[in-house]
1. Could you look through region A:155-191, keep only residues that are in a loop (DSSP other than H, G, I, E, B) and under 22 Å from the mean Cα position of the chain (by Cα), and pick out the one that is surrounded by the most Cβ atoms within 10 Å (Cβ to Cβ)?
2. Here's a check for you: in region B:325-344, which residue that is surrounded by fewer than 20 Cβ atoms within 10 Å (Cβ to Cβ) and in contact with a Phe, Trp or Tyr (Cβ under 8 Å, 6 or more places away or on another chain) is nearest to the other protein chains (Cβ to nearest Cβ)?
3. Considering only residues that are more than 9 Å from chain B (Cβ to nearest Cβ) and among the small types (Gly, Ala, Ser), look in region A:25-71 and name the one that is surrounded by the fewest Cβ atoms within 10 Å (Cβ to Cβ).
4. Got at least one residue in region A:94-103 being at the interface with another protein chain (Cβ under 8 Å from one of its Cβ atoms), at pLDDT 95 or above and more than 24 Å from residue A:14 (Cβ to Cβ)?
5. If residue B:104 satisfies every condition in (1) outside any loop (DSSP other than H, G, I, E, B); (2) surrounded by fewer than 24 Cβ atoms within 10 Å (Cβ to Cβ) but one, which is the exception?
6. What do you reckon, is residue B:323 among the aromatic types (Phe, Trp, Tyr), at pLDDT 95 or above, in a loop (DSSP other than H, G, I, E, B) and more than 16 Å from residue B:229 (Cβ to Cβ)?
7. Six or more apart or on different chains, Cβ atoms under 7 Å: show the pairs whose first residue is in region A:164-178 and within 14 Å of residue B:338 (Cα to Cα) and whose second is in a strand (DSSP E or B).
8. List every residue pair whose Cβ atoms sit under 9 Å apart, with the two residues 6 or more apart in sequence or on different chains, where the first one lies in region A:97-112 and is within 13 Å of residue B:78 (Cα to Cα) and in contact (Cβ under 8 Å) with a residue 60 or more places away in the chain and the second, anywhere, is of a type in the set (Gly, Ala, Ser) and outside any strand (DSSP E or B).
2 protein chains.
Amino acid sequence: MNAISALAIVPFVSVDNMMRLVLSIGIERFLVELSTYIEEDFRRWPTFDKTPRVASHSVDGVIELMPTSDGALYGFKYVNGHPKNMREGKQTVTAFGVLADVGSGYPMLLTEMTLLTALRTGATSAMAARHLAPKGANTMAIIGNGAQSEFQALAFAAILGIRNLRLYDIDPAATEKCRRNLAPLGFSIKVCRSGQEAVEGADVITTVTADKQYATILTDNMVGSGVHINAVGGDCPGKTELHRDILKRSSIFVEYAPQTRIEGEIQQLAADHPVTELWEVLDGSAPARKSPDEVTLFDSVGFAIEDFSALRYVRDKLAGTSFYQELDLLADPDEPRDLYGMLVRAEMAI
Amino acid sequence: MNAISALAIVPFVSVDNMMRLVLSIGIERFLVELSTYIEEDFRRWPTFDKTPRVASHSVDGVIELMPTSDGALYGFKYVNGHPKNMREGKQTVTAFGVLADVGSGYPMLLTEMTLLTALRTGATSAMAARHLAPKGANTMAIIGNGAQSEFQALAFAAILGIRNLRLYDIDPAATEKCRRNLAPLGFSIKVCRSGQEAVEGADVITTVTADKQYATILTDNMVGSGVHINAVGGDCPGKTELHRDILKRSSIFVEYAPQTRIEGEIQQLAADHPVTELWEVLDGSAPARKSPDEVTLFDSVGFAIEDFSALRYVRDKLAGTSFYQELDLLADPDEPRDLYGMLVRAEMAI
């Protein structure tokens, strides 16, 4: 057939190429740079077109589409969440995404986002904690030592300098996997036998468990004053990790309140319970941490703008590299009104 | 790096491969078979998860995500609509789509859908007309001779046997392009100098113009009794093709009323104006055409279930062919909780 025109081509980043891109930049540098893209987009939050994600729920899980736009670029992510997958040797969460030009509607980038989501989730948590955690925080508890745990640890190390970790998971094999992955990277790691033990002396408590159910990973008595809680695992209706009493004595920060009230820890609270959207802290219109004794809580569920930032970052970093393939995704007839003619000419060229 | 596991692979159909697939099957056979998939899905309409499309509007156009699921499979389409693109040598509409497994959330197929949408739009129109058009219909007017026009003609030829065409477009070059493409295929074609001339003696009137504005392609006096109107072009808020008086004396059939009341010709009517959803005709719960004198109108805007049917059809037809590439879209670590370890092992393997 005819040579494929440049208009028809969309760069595609496979999982393999995403790994190469991340490794070529360095994981910690990738996390730091990505967090600056996310922070930049949070600072211009009002310019984004925001809609809650479009979810299709089933017995076994959920498939979601998460679109957003800043008026010049449009991005969306496809992401599933299927806790049972792990037992079948599959990922609980897989994702891919697209960045497009609002002016023409043409896609500009298609990329895997399973790895990229893991990275952006860690980068977002650490970016929030940089504004909310107590000064001089140097120890983090990580409760839940699954696929996201190392990315949380790396992001907090890269962005806040935290290298003392206290790990706990109901499955000791998960903790051992996390310890084994992180030990060579200069972390000081304490393997704990309970959540209670993990939070002892921690300045930051990260909860990142996976079961789709109401759970109580942290009870009220486990959380001392001055701590920052980074609640990552409670992220859909019916899935929470924290006891309600903790929420009631915390200053709560969220990404996008209309979505978090449905999906986050605060689904346990009244619909008008006061919360601060993180962008308000970043643009100076709301205070961050007000005192050393305050318990701050980032009730993170993951929002489309973080994926948008990640797509922007990957697009910028791809320039000049070979970490992508060219996909013939778009029809580009010689004459735009002649889609049928393109088909006929293809037949003659075969 | 390591060999990519089968779990990580998603088949991808490029534009080039879609053309090869369509040509290997034959365009008319493709349209006939696709229309049976669409009809099959319309007949089990209540089993689908239906939401209006998620649209992101801008000055120049719109980008939409159109998801649906039957509980076993999930499909969505990304599609844009940018009328100004044509002046820049780009397609007004481009699209791609994904079929996924509801049980695992894993994508099973990624495909171009610019060509596929053109085919499914024609197949849907002809499928509707097979139930609604007057018996013995043999002449169709096509007003608007852009990229969709040939697909409408081919679908009506393949599914209803209509081979007499009366073409009109405000741009004579578009009509000439359409005539030139269709003439070799055994159509009897009359090039007309006005919409009025085009509808003379037509049993079916297809309106498929592209401008994003309120227009009046058909006025009331142009539509005689007994005609079937296939209104394809009016498909978003502020974009209609028919005079309101025609609607008031037609029996109106739609895909999904909540969406069509926003996007279709019936946006000009009261929100409770009676309409019939096409699936009700197919499952026998509502009458089709009731008399030879009746004016029937299929107010088509394009619905996600038609794309779902098209994705299903392409998946079934791909089996045993070479018309796809294998994309490394999904991360597949040896141990599902060890996404970070996959990255580290990739580094060692580079």
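The values are calculated or read from the model by the stated rules, or taken from the named source; none is laboratory data. The structure displayed is predicted, hence computed values, not measured ones. Counting neighbours? That spans all protein chains shown, and the Cβs are built from the backbone with ideal geometry, glycine included.
1. So, considering only residues that are in a loop (DSSP other than H, G, I, E, B) and under 22 Å from the mean Cα position of the chain (by Cα), the one surrounded by the most Cβ atoms within 10 Å (Cβ to Cβ) is A:169.
2. B:325
3. This residue is A:26.
4. yes
5. (1)
6. Criteria met by residue B:323.
7. Listed pairs, sorted by first residue: A:175/A:167; A:175/A:168; A:175/A:191; A:178/A:167.
8. A:97/A:310
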